[in-house]
Amino acid sequence: MTLQDYLHALQGKRVAVIGIGVSNQPLLRLLLEAGVSVTACDKKDRAALGPMAHELEAAGCALRLGEDYLEGLDQDVIFRTPGLHPRYLEAARARGSVVTSEMEVFFEVCPCPILAVTGSDGKTTTTTIIARLLQAAGHKVHLGGNIGHPLLSEADDIRPEDWAVVELSSFQLLTMRRSPRIAVLTNLAPNHLDIHTDMAEYINAKAALLDYQSSDGTAVCNWDNDITRELSSRTRGKVFYFTRNPDHPPAAGCFLRGEAIWYRDENGEREVLPLADILLPGVHNVENCMAAICAVQGLVPDGVIRDFARTFGGVEHRIELVRERRGVRWYNDSIASSPSRTMAGLRSFQSKVILIAGGKDKGISYAPLGPVINEHVKLLILCGATAGAIRTAAVEAENYEGLEIHEAASYPAAVALAAERAGEGDVVILSPASTSFDRFKNFEERGQVFKELVRALPE
């Protein structure tokens with residue numbers, strides 16, 4: 001089925017689109033330009049939507065806004081925004097509505113192979129590495145999904161020989177009934193349990209990446225993660241594993257040997273990438289590289305992989321090197337909105353760092369973070385609503401030995417203190433271990449503010 005076939009099938013039907021955010025605006029324009037009868041639904045009121053409300057109505061879209069935006073939905077087709085759990089649309093489904101999403105339809109109409117990545121951590125970096133490797137090898141790549149770019153409206157411009165590389169969240173996968181040609185599971189650990197019913201639902205959502213693969217599909221799974229290793233049995237395709245354990249190399253996949261990443265399959269084994277060539281810091285980024293190497297086998301030569309690794313400095317807001325000033329390296333890890341992400345970030349550096357942390361609580365215990373802070377941090381600067389909780393986690397940890405801890409009233413104050421105390425050879429990292437919503441609209445804005453403050457420091 002092509003995109004035009006799908007749009008033609010919607011003629012004469014009533015369609016609702018839940019959410020009028022940035023990710024759904026291309027979908028709304030696509031449907032309206034095709035002459036589809038569309039109702040856009042959003043919890044925001046008209047004032048909060050601003051000019052967008054008038055623009056949609058001028059294009060022929062009906063609006064349903066405010067707290068009751070989900071009441072009485074009975075359209076023939078309802079596009080769910082990823083952030084809305086499907087349980088809120090059960091009544092509409094019982095009335096006969098077909099519930100789908102932008103990404104689910106893209107999987108139906110995409111004319112080229114799809115390579116999809118999911119996981120609890122590392123999925124954006126891994127997705128980006130894969131897309132850039134394919135591009136470096138001469139492939140035309142369409143990058144999208146949870147990474148921030150909707151692809152459905154561009155499906156007509158995709159050629160069969162291209163590759164679509166998408167990052168998928170558990171929310172996008174909850175109702176997915178198709179799997180990609182190549183599926184990558186970076187790792188799985190408890191996450192988003194404030195939205196998912198329980199851990200089982202979260203795991204099953206991620207498993208949809210594998211559940212519908214055919215025998216010509218490929219799955220790439222983390223052998224060192226108990227959950228992804230067990231889920232690998234759910235695909236009907238071929239499985240490649242990656243592991244940091246040099247003593248048990250997989251029959252097919254990547255592993256560490258000495259100071260390099262090796263690849264092994266039925267044709268033998270070979271060294272692919274020296275660890276010294278990986279510019280990104282941290283063992284978790286070694287894992288991300290291994291996952292990507294498995295995913296692009298047969299598509300990207302080893303030489304291209306090595307050249308890329310030497311120059312790739314990371315994805316914005318993910319242990320992103322902002323600046324080196326007076327011998328001090330400043331990193332932006334604003335994406336770290338949970339303790340586990342900050343723990344991974346801290347373990348990326350061989351010497352102790354100056355850590356700026358704190359933000360809004362998301363209901364996850366900070367206790368596991370305390371010992372890691374004491375092991376990897378030389379100066380802790382806290383700023384935000386969770387400052388007290390993070391301080392308590394560090395002080396009450398068994399390995400606490402008087403770590404110096406300060407609280408700053410603002411980000412400018414935190415950056416100024418770090419700049420005053422940092423000496424040549426030090427690393428300063430923003431890795432909040434908390435969400436941004438106490439002061440910022442999202443982690444991107446938080447990271448951008450931090451970068452501007454760092455770049456403004458005098459030479």
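The values are calculated or read from the model by the stated rules, or taken from the named source; none is laboratory data. Being a predicted model, the structure only gives us computed values, none of them experimental. Neighbour counts are summed over all protein chains in view; Cβ atoms, including those assigned to glycine, are modelled from backbone coordinates with ideal geometry. Surface areas here come from the heavy atoms of the whole protein model, side chains and all, with no ligands, DNA or RNA. Shrake-Rupley method; radii C 1.70, N 1.55, O 1.52, S 1.80 Å.
Using the Cβ of ALA251 as centre and a radius below 9 Å, the other residues enclosed give a net charge of -1, where K and R count +1 and D and E count -1. Computed from backbone phi, the HN-Hα couplings of the range 234-242 come to 8, 8, 8, x, 7, 10, 10, 10, 10 Hz, rounded to whole numbers (Karplus: 6.51 cos²θ - 1.76 cosθ + 1.60, θ = phi - 60°; Gly and Pro given as x). Sorted from longest to shortest, the spans of the Cα atoms of the range 73-116 along the three principal axes equal 35, 20, 11 Å.
A Förster radius of 30 Å, combined with the Cβ-Cβ distance separating GLN4 from ARG46, puts the computed FRET efficiency at roughly 0.35. Compared with the rule-of-thumb size 2.2 N^0.38 Å for a compact globular protein, the range 135-262 has a Cα radius of gyration ratio of 1.15. In plain terms, the C-alpha convex hull of the chain casts an average shadow of 23.3 nm² when viewed from every direction.
Summary value for the range 210-294: 23 percent relative contact order, contacts being C-alpha pairs under 8 angstrom separated by 6+ residues. In terms of packing, defined here as the mean over residues of other Cβ atoms within 10 angstrom, the peptides 283-292, 33-42 line up highest first as 283-292, 33-42. The shape of the range 34-88 can be summarised by an equivalent ellipsoid whose semi-axes, obtained from the alpha carbon gyration tensor, come to 19, 16, 10 Å from longest to shortest. For the range 110-208, the fraction of C-alpha pairs farther apart than 17 angstrom is 50 percent. With every protein chain in place and a 1.4 angstrom probe, the accessible-area ranking of TYR212, TYR88, TYR263, largest first, reads TYR88, TYR212, TYR263.
Packing order of peptides 298-308, 62-72, highest average first: 298-308, 62-72 (average count of other Cβ atoms within 10 Å over each peptide's residues). Site pair ARG29 and ASP265 shows an inter-label distance of 4.0 nm when each label is modelled 7 Å from Cα along Cα→Cβ.
If you average 1/r over all unlike Cα pairs in the range 225-318 and invert the result, what Kirkwood radius do you get in angstrom? Mind showing how you got there, number by number?
Working: mean 1/r = 0.0720 Å⁻¹.
Evaluated over the range 225-318, this radius sits at 13.9 Å.
Given the C-alpha centroids of the range 289-309 and the range 122-138, what is the distance between them in whole angstrom? Measuring centre to centre over Cα atoms gives 9 Å. For the listed peptides 74-86, 354-366, 411-423, a ranking on the average number of other beta carbons within 10 Å per residue, highest first, reads 354-366, 74-86, 411-423. The distance between label points at ASP247 and VAL22 comes to 4.7 nm (points 7 Å beyond Cα on the Cα→Cβ vector).
Antiparallel versus total DSSP beta bridges in the range 187-308: what percent is that, nearest 5? Roughly 60 percent of the DSSP beta bridges within the range 187-308 come out antiparallel.
You can think of it this way: the chain between ALA189 and LYS140 has 14.3 nm of extra reach, that is 0.36 nm per residue less the Cα-Cα gap.
The candidates VAL322, VAL272, arranged from most to least accessible area with a 1.4 Å probe in the full protein assembly, appear as VAL322, VAL272. Excluding same-chain neighbours fewer than eight residues apart, the aspartates and glutamates reachable from LYS362 by a Cα-Cα span under 14 Å are ASP194, ASP438.
Checking the cross-link pairs LYS206/LYS451; LYS43/LYS441; LYS206/LYS238 against a 24 Å limit on the alpha carbon distance flags LYS206/LYS451 as lying beyond it.
The stretch between ARG257 and GLU71 holds 61.2 nm of extra length on full extension. This uses 0.36 nm per residue minus the Cα-Cα distance.
Accessible area ranking (1.4 Å probe, heavy atoms, ligands and nucleic acids excluded), largest first, for SER340, SER120: SER340, SER120.
Three principal axis extents of the range 359-428 based on alpha-carbon atoms, in descending order, are 32, 25, 16 Å. Our coupling estimate for the range 429-435, obtained by passing each phi through the Karplus curve with A = 6.51, B = -1.76, C = 1.60 and θ = phi - 60°, is 10, 8, 9, x, 6, 8, 6 Hz, Gly and Pro reported as x.
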